[in-house]
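Written below as structure tokens is the structure these notes are about.
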Amino acid sequence: MTSTQLRMPVQRPATKPFRYDVAVVGLGYVGLPTALALRAAGRRVVGMEISTDRVAEIRTGDADLLPSDRSRLLDALEDDDAFRLTADPAESATARIVLVCVPTPIDHHLAPDLDALRAACRSVVERAVPGQTLVLTSTTYVGCTRDFLVEPLRRRGLEAGKDVYVAFAPERIDPGNERHVQKQVPRVVGGVSAECVQRTTELLEGCASYVHPVSSVEAAELTKLYENTFRAVNISMANEFADISRGLGLDITEVIDAAATKPYGFMPFYPGPGVGGHCIPCDPHYLLWQLRADRVTSPLIETAMTQVAARPGRVVQRLVEVLAAGGKALGNAKVLVVGVAYKPGVADVRESPALEIIDRMRDAGASVSFTDDLVESILVRGGRMRSVRASAAEWDAVLVHTLHPGVDHGWLAEAPILLDTTYRLQKIAHRSVL
Ligand SMILES: NC(=O)c1ccc[n+]([C@@H]2O[C@H](COP(=O)([O-])OP(=O)(O)OC[C@H]3O[C@@H](n4cnc5c(N)ncnc54)[C@H](O)[C@@H]3O)[C@@H](O)[C@H]2O)c1
């Protein structure tokens with residue numbers, strides 16, 4: 001299907017009037033800002049969230065959001081008519097378009113955990129009404145939109161693309177990123193038919209810079225997996241180059257910044273303590289899992305994922321070396337971790353390398369604390385830890401994991417031993433890197 005065909009005018013069947021323009025199912029790091037963006041674009045939005053704790057957190061206006069989204073939320077909470085929060089799954093039937101945006105994590109065996117997505121899709125399919133559009137936005141394997149929406153609709157006697165419109169439109173939001181806000185980022189949409197793409201496009205144009213249609217839901221599904229696998233592979237290579245640079249006595253950040261002056265054919269990725277969050281550590285495994293079923297291997301992606309997964313262990317090993325050079329053993333050391341969020345500017349610790357690093361150091365006998373201006377507490381093996389006041393005085397070593405913007409890190413220069421896993425503290429002469 002070409003983009004010209006996708007944009008051809010189509011005959012619309014009569015639809016019953018819906019109370020809401022859009023329902024967003026799942027109001028997490030992605031769904032909530034999306035719901036707020038749609039409301040800001042003038043849509044009547046019903047936000048559906050299964051966790052009553054999360055609904056309560058949103059109602060207080062206290063969710064982890066960019067300042068601009070927070071003010072949208074406070075504004076939206078005043079206007080119950082155009083923005084409604086609910087935990088009632090039956091509300092999906094009240095919206096003309098339903099966006100499904102629930103978590104798609106991996107389990108301990110690195111296999112996709114599709115429970116939340118399967119349950120959310122089952123719920124919206126059970127309540128689907130003719131004329132409605134169902135859009136999957138969660139990252140998932142290729143073929144999932146057909147398995148979880150198209151086929152179940154067919155079993156209910158509803159034909160996708162004719163009775164109910166179905167599309168896949170992967171989310172690209174980058175929580176905490178004020179430079180590339182949602183409204184400035186294009187969206188990719190693949191539908192079961194041209195009408196499915198058109199209906200989804202009409203909605204998403206309000207909260208994206210433009211919509212790029214592709215010829216199928218599968219092409220859109222693979223696009224998302226390609227984007228995040230691309231990042232995982234490049235981060236893994238940046239880590240490898242960081243190790244190479246240290247061996248050569250060179251500063252990797254200087255090298256990457258210099259390479260980034262090339263205006264074509266290069267995109268900078270920076271090394272670090274590993275990868276975290278709900279995307280990069282998880283999404284490539286959706287692809288690898290799917291390929292395994294077909295007895296297909298992808299050695300480059302496998303190697304990259306193995307390397308990024310091993311990085312937190314490498315951090316601890318390096319700390320052992322750095323402490324040993326100062327005559328100290330990790331088992332007797334007091335270590336402060338600076339920043340436990342998986343990246344700067346967010347309070348999200350999902351899959352954060354800091355958690356594994358802390359567990360490993362504690363397993364080795366170290367006394368470990370952390371300080372993070374955005375994260376009050378974390379759950380590690382052995383219980384909950386609370387953030388402490390930042391200071392250099394009481395620690396044998398300070399391990400820098402995440403540097404949040406707008407926080408004064410000047411005190412780090414006083415740390416006796418400083419392991420900089422961010423590679424950004426070049427001004428501190430005595431710091432060590434991985
Ligand atoms: N976080 C990111 O940076 C990011 C970026 C792009 C895409 N994605 C993708 O977006 C999807 C959502 O990610 P997230 O980070 O927002 O996850 P999240 O865990 O922050 O939020 C998901 C929310 O969905 C709710 N939920 C689960 N099942 C539900 C149901 N049946 N009905 C209503 N609510 C339900 C959960 O309680 C949770 O609040 C994932 O597929 C992820 O891969 C995430």
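Couple of notes before you dig in:
- Computed on segment 253-420, the Cα convex hull volume stands at 151 Å³ per residue.
- With Cα atoms, 0 to 90° folded angle of helix 115-126 axis to the chain main axis: 10
- Theoretical ellipticity at 222 nm over the chain - DSSP helices of four or more residues, -39500 (n - 2.57) apiece, nearest 500: -11000 deg cm²/dmol
- Legend: calculated FRET efficiency, Asp79 to Asp53, from the Cβ-Cβ distance at R0 = 25 Å, rounded to 0.05, equals 0.60.
- Think of the chain as having a plus end and a minus end, set by charges on the Cβ of Lys, Arg, Asp and Glu; of Val255, Thr145, Tyr226, Thr145 sits farthest toward the positive end of this dipole.
- Shown is the FRET efficiency for Leu291 and Asp62, computed with R0 = 35 Å from the Cβ-Cβ distance and rounded to the nearest 0.05: 0.25.
- Here is the list for segment 346-385: GluC sites (Glu not before Pro) lying in DSSP coil, each with at most 11 other C-beta atoms within 10 angstrom of its C-beta, are Glu376.
- Rolling a 1.4 Å probe over the heavy atoms of the protein chains gives segment 85-126 an accessible area of 42 Å² per residue.
- Here the label points at Glu240 and Asp257, each 7 Å from Cα along the C-beta direction, are separated by 2.5 nm in the simple model.
- Square roots of 5 times each gyration tensor eigenvalue, C-alpha, segment 296-379, largest first, Å: 25, 20, 10
- 10 Å-binned pair-distance histogram of segment 335-434 (Cα, whole percent): 16, 53, 29, 1
- Taking every alpha-carbon pair in segment 313-362 and binning the separations at 10 Å intervals from zero gives 25, 48, 23, 4 percent.
- Of the solvent-accessible surface of the chain, computed with a 1.4 Å probe and all protein chains present, 53% belongs to carbon and sulfur.
- Placing +1 on the Cβ of every Lys and Arg and -1 on the Cβ of every Asp and Glu, with nothing else charged, gives the chain a dipole about its Cα centre of roughly 640 debye.
- Helix 31-40 axis, angle to the chain major axis (alpha carbon atoms, nearest 10°): 60
- For segment 21-69, the normalised intensity computed at q = 0.24, 0.26, 0.29 Å⁻¹ comes to -0.89, -1.03, -1.21 (log10 of I(q)/I(0), Debye sum over alpha carbons, equal scatterers, no solvent).
- Convex hull volume of the C-alpha atoms in segment 162-302, normalised per residue: 152 Å³.
- Rolling a 1.4 Å probe over the protein heavy atoms gives segment 253-420 an accessible area of 46 Å² per residue.
- Remark on the chain: Rg and Dmax equal 23.5, 78 Å (Cα only).
- Anisotropy class of segment 3-214 from Cα gyration tensor, a/c 1.5 cut: rounded
- Averaging Cα coordinates gives a centre for segment 396-421 and one for segment 226-266; these two points are 22 Å apart.
- Taking chymotrypsin sites (Phe, Trp or Tyr not before Pro) across segment 242-345, the ones in a DSSP loop with at most 11 further Cβ atoms lying within 10 angstrom of their Cβ are Tyr264, Phe266.
The values are calculated or read from the model by the stated rules, or taken from the named source; none is laboratory data. Here the structure is a predicted model, which is why all the values come from computation and not from measurement. Cβ sites come from the backbone with ideal geometry, for glycine too, and all protein chains shown count toward neighbours. Side chains included, ligands, DNA and RNA excluded: accessible areas come from the protein's heavy atoms. Shrake-Rupley method; radii C 1.70, N 1.55, O 1.52, S 1.80 Å.
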